[in-house]
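Undergrad: Just dropping this structure here.
Taken together, the values in this text are just the output of simple stated rules run on the coordinates, not laboratory data. None of the values given here were measured: they were computed from a predicted structure. Here Cβ is always computed from backbone atoms with ideal geometry, including for glycine, and neighbour counts include all displayed protein chains.
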Amino acid sequence: MISSRSDSDNGSGSGRNSKELRREPGSTFQNTFQGCSLSTNRPDSIYVKLELFGVVRLAAGVEHWSTCASSLGEALSKLVQRFPDLATGCINGNQLRKGFIANINNERFTTDSDMKLRRGDTILIMSADAGG
């Protein structure tokens, strides 16, 4: 999660709040699969990696997180359950809020929560205007 601290805590004396980004313990793609069986023989074990960019990363406080999900909506739902601050402005239940988009494997952009995922997919979640 994100920890807040005052800049005055680090001696700057400005008194503004800043957020410190911390890496989620064990958040590598190889060893963290929240909410799924690690049995590779199960057909419903679809491991995916979610990479968070910009404001989404700031809200979650992590760069990436891995889970098991068969659709984009299921992955988003699990993500917001783990990082509730995302519900404030980025994700509504199992859908991206207006102004946010997902990119699947650097191949296609989507907001379709019904989009099916495949094992090993990488999903980048970001604001729709992140590229300029």
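Undergrad: Treat each spin label as a single point 7 Å out from the Cα along the C-beta direction, and report the residue 53 to residue 97 distance in nm.
TA: 2.0 nm
Undergrad: From the mean inverse distance of alpha carbon pairs (Kirkwood) and the Cα radius of gyration, derive Rg over Rh for region 40-95.
TA: That ratio is 1.00, to two decimals.
Undergrad: Under 12 Å from a point placed 7 Å out from the Cα of residue 128 along the Cα-to-Cβ direction: which residues of region 97-115 have their backbone N that close?
TA: Answer for this model: 97-102, 110-112.
Undergrad: When you take every Cα atom in region 43-132, what is the radius of gyration, and what is Dmax, the widest Cα pair distance, in Å?
TA: Looking at region 43-132, its Cα Rg and Dmax stand at 11.6, 39 Å.
Undergrad: Here is a follow-up. Could you calculate the FRET efficiency of residue 45 with residue 115 from 1/(1 + (r/R0)^6), where r is the beta carbon distance between them and R0 is 22 Å, rounded to 0.05?
TA: 0.75
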